[in-house]
1. Per residue, how big is the convex hull around the C-alpha atoms of the range 24-76? Give it to me in cubic angstrom, could you?
2. Points 7 angstrom from Cα along the Cβ direction at residue 6 and residue 47: gap in nanometres?
3. Relative to 2.2 N^0.38 Å, what does the C-alpha radius of gyration of the range 1-118 come to as a ratio? Two decimals please.
4. By how many degrees, between 0 and 90 and to the nearest 10, does the Cα long axis of helix 77-90 differ from the longest principal axis of the chain?
5. Using just the Cα positions, wrap the range 56-98 in a convex hull and report its mean projected area in square nanometres, one decimal place.
6. What order do you get for 55, 12 when you list them from fewest to most C-beta neighbours inside 10 Å?
7. Obtain the nm distance between the two label points defined at residue 55 and residue 79 by a simple spin-label model: each point lies 7 Å from its Cα along the Cα-to-C-beta direction.
């Protein structure tokens, strides 16, 4: 796999981590949040680029794969967010304005999918916005 594909896959895997951290910010993930993520991936993320994984599938599906894996193993949302933050800091070039905007709109869609955004989710959304300004 060439380095562009590898980085593209890593981008989507780390976005899966971020969206998991957002959904898990209140220490639970509702089925509606998972459904909303899958809907947004299909409606918006598949159009971002043409990068495919080693199986010929659009790499954007890595978002769902990683998210589902993290749900299954009930990982700590703060730790997972910090992993995303480290990836972002090291690979800012992978986050042009369009990707940042889509990331924020996806995160907001997840938080509003079930009973609106709560305090812990709003705090994390604020942290992401501040991160993207650096």
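1. So the per-residue hull volume is 91 Å³.
2. 3.2
3. So the Cα radius of gyration is 0.99 times the expected 2.2 N^0.38 Å.
4. Taking the Cα atoms of the chain, the angle to 77-90 is about 40 degrees.
5. On the way: hull surface 16.3 nm².
If I average the Cα hull's projected area over directions, I get 4.1 nm².
6. 55, 12
7. According to this spin-label approximation, the distance is 2.6 nm.
Each value in this text was obtained by applying a stated rule to the coordinates, not by laboratory testing. For clarity, every value in this text was computed on a predicted model and none was experimentally measured. Heads up, the Cβs are rebuilt from the backbone with ideal geometry, glycines too, and the neighbour counts pull from every protein chain shown.
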